[in-house]
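Next up is a structure, given as structure tokens.
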């Protein structure tokens with residue numbers, strides 16, 4: 001399976017700026033039914049990500065999201081295989097990964113996008129391999145019989 005990230009990612013991404021308020025981001029998440037929103041600089045480079053869990057914990061609606069966003073942003077280039085994205089998500093226990101091209105945000109890929117890919121391929125279990133006889137060739141087996 002050689003599906004590229006750019007083939008699976010969502011290209012129209014709702015983003016936020018660091019100065020946006022918690023209330024603004026909460027409204028965007030509700031309107032677009034999102035669980036996370038990338039935070040970008042003025043030149044469209046990812047500087048953070050804010051999740052619904054981050055928003056729920058905040059009491060001050062006017063607080064800028066730069067105060068609550070996760071700054072350690074994991075990204076994946078759009079030309080990589082989706083297996084790379086899946087590995088990053090699994091290793092870091094995250095559900096959304098920002099997709100970049102030349103360090104600028106071009107999309108977002110989620111664990112649900114990866115599940116759609118798996119669902120579409122209808123994988124089948126392979127037959128278990130047959131046990132090998134250790135160190136015994138045909139002649140050794142024939143002598144035992």
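Nothing in this text is a laboratory measurement; each read-out follows from the coordinates by a stated rule. Only a predicted model underlies this, so the values are computations on that prediction, with no experimental measurement involved.
Just need the relative contact order of region 44-123 here, percent rounded to a whole number, with Cα pairs under 8 Å and 6+ apart. Let's see the in-between values first.
Numbers: 79 pairs, mean separation 22.2, N = 80.
Relative contact order for region 44-123 comes out at 28 percent.
Next question, about the same structure. Within region 12-130, what percent of beta bridges assigned by DSSP are antiparallel, to the nearest 5?
Numbers: 13 of 17 bridges.
Rounded to the nearest five, the antiparallel share is 75 percent.
Do you know the relative contact order of region 1-53, to the nearest whole percent, from alpha carbon pairs under 8 angstrom that are 6+ apart?
Values: 50 pairs, mean separation 15.4, N = 53.
Contact order relative to length: 29 percent.
Turning to a different aspect of this structure: Return the inverse of the average 1/r over all pairs of distinct C-alpha atoms in region 5-121, which is the Kirkwood hydrodynamic radius, in Å to one decimal. Let's see the in-between values first.
Values: mean 1/r = 0.0692 Å⁻¹.
Taking the inverse mean of 1/r over all distinct Cα pairs, region 5-121 comes out at 14.4 Å.
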